[in-house]
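Colleague: Quick one: this structure, given as structure tokens, is what I'll be asking you about.
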Amino acid sequence: MTKAVLMDRDGVVTEDLGYVHKIKDFNLVQNAVEGLKLLKGFRLIFITNQSGIGRGYFKFEDFLDYNSRVVEELKKHGIKIEKTYVCPHAPEDNCGCRKPKTKMIKDAERDFKIDLSKSFVIGDKKIDVDMGHNSGCKSILVLTGNGMKEKENANADYIAKDLIDAAKWILKHGNQ
Ligand SMILES: [Mg+2]
Ligand SMILES: [Zn+2]
């Protein structure tokens, strides 16, 4: 069985400017690359809500272009993102995939034969933490992106300063 780190993208790996989708706005979060490099032995997967598509702020193609740019940049640093799972819906669509619902993480579990009980979710919002707990993962809230605003309400297993801090905690708790 595979262990995975299932990550939110915006505010965790890339700067979250709010509905970010333009390549010119692409910026890595500080210590993101360094943190991800530590996570050897884990499949790395993105799980992202992109309601800007459903709200009509940008197109699915814009999302794909931007996301490819992110994945390519990480690849240059030797970091492989296996797959990006995306919910393109607006909240009022009441879809089955929007975090904190678990469809996307369950799809990843099936696609990569992941053992969720040995896997971790990292996000900068309560919805990320909740999705992890709703699917049997340990959940980490990072204080980058929206993390500072969300930390009071998010019931995370660990609150990490950044992805280096998160990765170190995962390596310490990854074999339990
Ligand atoms: Mg986020
Ligand atoms: Zn959805």
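Here, each number is a calculation from the coordinates, and none is a lab measurement. Just so it is clear, the structure is predicted and the values come from calculations on it, not from any experiment. Neighbour counts are summed over all protein chains in view; Cβ atoms, including those assigned to glycine, are modelled from backbone coordinates with ideal geometry.
Colleague: Hey, quick one: spin label on Y19, modelled 7 Å out along Cα-Cβ, who in region 138-164 has an amide N within reach, i.e. under 20 Å?
Modeller: Those under the cut-off are 145-146.
Colleague: By counting other Cβ atoms within 10 Å of each Cβ, how are F42, F26 ranked from fewest to most? Mind dumping the intermediate values first?
Modeller: Values: F42 21, F26 15.
Listing F42, F26 from fewest to most nearby Cβ atoms yields F26, F42.
Colleague: Compute the distance from the alpha-carbon center of region 118-137 to that of region 80-95, in whole Å.
Modeller: About 15 Å separates the Cα centre of region 118-137 from the one of region 80-95.
Colleague: Ok, one more. Which order do C97, C137 fall in if you start with the one that has the fewest other Cβ atoms within 10 Å?
Modeller: Going from sparsest to densest Cβ surroundings: C97, C137.
Colleague: Mind checking the full-extension length gain between E72 and E34? Use 0.36 nm per residue of separation minus the Cα-Cα distance, one decimal, nm.
Modeller: 12.1 nm
Colleague: Along region 82-89, what does the Karplus equation 6.51 cos²θ - 1.76 cosθ + 1.60 (θ = phi - 60°) give for ³J(HN,Hα), rounded to whole Hz, x for Gly and Pro?
Modeller: Computed from phi, the couplings for region 82-89 are 5, 6, 10, 9, 10, 9, x, 8 Hz.
Colleague: Sorted from fewest to most neighbouring beta carbons within 10 Å, what does the list Y158, Y19 look like?
Modeller: In increasing order of surrounding Cβ atoms, one gets Y19, Y158.
Colleague: Under 5 Å between amide hydrogens, which residues at least 5 positions from R43 or on another chain qualify, with H placed 1.01 Å from N in the peptide plane?
Modeller: K3, A4, V5
Colleague: Only Lys, Arg, Asp and Glu count, each charged at its Cβ (+1, +1, -1, -1), so figure out the dipole size of the chain about its Cα centre, rounded to 20 debye.
Modeller: On the way: 30 positive and 26 negative charges, 110 e Å.
Dipole of the chain, to the nearest 20 debye: 520 debye.
Colleague: Working out 0.36 nm times the residue gap between N27 and T2, then minus their Cα-Cα distance, what length gain in nm do you get to one decimal?
Modeller: Working it through step by step, the gained length comes to 6.0 nm.
Colleague: Taking only C-alpha pairs under 8 Å that are 6+ residues apart, what is the relative contact order of the chain in percent?
Modeller: In percent, rounded to a whole number, it is 27.
Colleague: If you filter region 84-176 for GluC sites (Glu not before Pro), then keep DSSP loop positions with at most 11 other Cβ within 10 Å, what is left? Intermediate results must be reported in sequence, preceding the final value.
Modeller: Numbers: sites: E92, E109, E150, E152; in loops: E152.
When the GluC sites (Glu not before Pro) of region 84-176 are filtered for loop state and at most 11 Cβ neighbours within 10 Å, E152 remain.
Colleague: Let me ask something else about it. What are the ³J(HN,Hα) couplings of region 130-135, residue after residue, when phi is run through the Karplus curve with 6.51, -1.76, 1.60 and θ = phi - 60°? Round to Hz, x for glycine and proline.
Modeller: Karplus-based 3J(HN,Hα) across region 130-135 equals 5, 4, x, 5, 5, 10 Hz.
Colleague: Taking Cα pairs under 8 Å and at least six residues apart, what relative contact order does region 1-84 come out at, in percent?
Modeller: Reported relative contact order: 37 percent.
Colleague: Starting from the Cα gyration tensor of the chain, take the square roots of the eigenvalues, sort them a ≥ b ≥ c, and report rounded, prolate or oblate (rounded when a/c is under 1.5, otherwise prolate if a/b is larger than b/c, else oblate).
Modeller: Values: a/c = 1.37, a/b = 1.21, b/c = 1.13.
Verdict is rounded for the chain.
Colleague: Would you pull out the residues with amide H under 5 Å of T14's amide H, same chain only if 5 or more places away, H placed 1.01 Å from N?
Modeller: So T14 has HN proximity to V29.
Colleague: Taking only DSSP H segments of four or more residues, each worth -39500 (n - 2.57), what value at 222 nm results for the chain once the sum is divided by all its residues, to the nearest 500 deg cm²/dmol?
Modeller: So the helix-based figure for the chain works out to -10000 deg cm²/dmol.
Colleague: Go ahead and run the numbers for FRET between N155 and K83, Cβ-Cβ distance against an R0 of 25 Å, rounding to 0.05.
Modeller: 0.40
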